[in-house]
């Protein structure tokens with residue numbers, strides 16, 4: 001026959017369990033959770049900061065828009081220059097090449113405009129260290145003159 005536990009023994013067992021839970025005195029060894037570096041959850045993966053030690057490891061494909069063409073010169077860092085009409089893209093690239101300024105042109109993605117058409121305006125990217133010279137030169141090209 002099975003013996004029943006007394007109410008005093010039951011109460012002491014419950015009290016021990018409650019104290020263990022409240023004070024966190026369990027004998028289990030909990031593994032600390034792995035802490036990942038902070039990342040802004042509201043930012044998309046495109047906007048999230050890159051954890052790269054060397055930003056040059058990505059090269060031109062990381063800094064410039066896709067499906068464009070350049071004037072044959074390379075730069076370490078690029079910056080957006082101007083938005084130019086399609087008919088002025090080639091003269092602008094040629095003028096920048098004459099002055100040894102690296103440039104890249106890609107069709108602008110605008111709402112309501114097919115960026116694959118030949119008439120689409122282009123965004124012009126230039127070498128960051130020569131931005132001021134490039135802007136001066138592009139003003140002359142926009143007027144239809146040579147400097």
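The values are calculated or read from the model by the stated rules, or taken from the named source; none is laboratory data. It should be emphasised that the depicted structure is a prediction, and the values quoted were computed from it without experimental measurement. Heads up, the Cβs are rebuilt from the backbone with ideal geometry, glycines too, and the neighbour counts pull from every protein chain shown.
Would you pick out the residues in region 46-64 that are surrounded by fewer than 17 Cβ atoms within 10 Å (Cβ to Cβ) and either in a loop (DSSP other than H, G, I, E, B) or modelled with pLDDT of 85 or more (or both)?
46, 47, 48, 49, 50, 51, 52, 53, 54, 58, 59, listed by residue number.
Can we say residue 80 is assigned to a loop (DSSP other than H, G, I, E, B), touching a strand residue (DSSP E or B) at 6+ places or on another chain (Cβ under 7 Å) and farther than 22 Å from residue 144 by Cβ? So residue 80 fails the test.
The lone criterion from (1) surrounded by fewer than 20 Cβ atoms within 10 Å (Cβ to Cβ); (2) at pLDDT 90 or above left unmet by residue 114 is number (2).
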